[in-house]
1. Could you list, ordered by first residue, the pairs with Cβ atoms under 9 Å in which the first is in region 1-17 and in contact (Cβ under 8 Å) with a residue 60 or more places away in the chain and the second is assigned to a loop (DSSP other than H, G, I, E, B) and of a type in the set (A, V, I, L, M, F, W, C), at least 6 apart or interchain?
2. Quick one: is Ala123 in contact with an Asp or Glu (Cβ under 9 Å, 6 or more places away or on another chain) and more than 23 Å from Gly43 (Cα to Cα)?
3. I'd like to check something: does region 45-55 contain any residue that is in a loop (DSSP other than H, G, I, E, B) and under 20 Å from Leu96 (Cα atoms)?
4. Name every residue in region 65-94 that is free of Cβ contacts under 8 Å to residues at least 40 places away in the same chain and part of a helix (DSSP H, G or I), in order of residue number.
5. So, of the residues in region 77-103 that are more than 16 Å from Glu50 (Cβ to Cβ) and touching a helix residue (DSSP H, G or I) at 6+ places or on another chain (Cβ under 8 Å), which turns out to be surrounded by the most Cβ atoms within 10 Å (Cβ to Cβ)?
6. Would you mind telling me which numbered condition in (1) assigned to a helix (DSSP H, G or I); (2) closer than 16 Å to Tyr120 by Cβ; (3) among the aliphatic types (A, V, I, L, M) Val61 fails?
7. All but one of (1) within 15 Å of the chain's Cα centre (by Cα); (2) modelled with pLDDT of 95 or more; (3) within 25 Å of Asp130 (Cβ to Cβ) hold for Ala34, so report the exception by its number.
8. Suppose the filter is farther than 26 Å from Ala138 by Cβ, of a type in the set (A, V, I, L, M), at pLDDT 95 or above and surrounded by 17 or more Cβ atoms within 10 Å (Cβ to Cβ); does Val61 pass it?
Amino acid sequence: MSGDDPVALDLVARMTAEIRELYGGREMPPESAASPAQLSPPGGGFVVLEEDGTPLAGGGVKQLDERTGEIKRMYVVPEARGRGVGRLLLEALEDLVRDLGYSVARLDTGAKQPGAQRMYERAGYEPIPDYNGNPDAAFWGEKRL
């Protein structure tokens, strides 16, 4: 799916609003940018998980370089949390990273999202130095696929 699909745009808008509230009303920093075009083929893409036609979660992949895809904008709707949907979304995004021809996945998350960091570490993401200058991030991770 493309990052400019209406379902993708809606999920990203919901994620952005939640992150803005979590981090005190700040806009997302430019360092964490991922435009709809960047989350679209040929270098990127977007995944939506649905249940009975209702979107439960979504996230995208953005090209960083010829071997690295960055997982961006992961979001699970509140009513689907606690059911393992985040883990399924991460697995689907890793599949997309591979399908796009990348051998490495990178991601970041903020200090106010410790559950996300734990999920990433359990999934095999190793801590790496700051690769994108995101001032809200507290964990940067990489996984060879």
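1. Note: pairs meeting the criteria are Leu11/Val77; Val12/Ala34; Val12/Leu39; Arg14/Val77.
2. Yes.
3. For region 45-55, residues in a loop (DSSP other than H, G, I, E, B) and under 20 Å from Leu96 (Cα atoms): absent.
4. Residues satisfying the conditions are Pro78, Glu79, Ala80, Val85, Gly86, Arg87, Leu88, Leu90, Glu91.
5. It comes out as Leu90.
6. Of everything listed in (1) assigned to a helix (DSSP H, G or I); (2) closer than 16 Å to Tyr120 by Cβ; (3) among the aliphatic types (A, V, I, L, M), Val61 misses just condition (1).
7. (2)
8. Answer is no for this residue.
The values are calculated or read from the model by the stated rules, or taken from the named source; none is laboratory data. Just so it is clear, the model here is predicted, and its values are computed rather than measured. Heads up, the Cβs are rebuilt from the backbone with ideal geometry, glycines too, and the neighbour counts pull from every protein chain shown.
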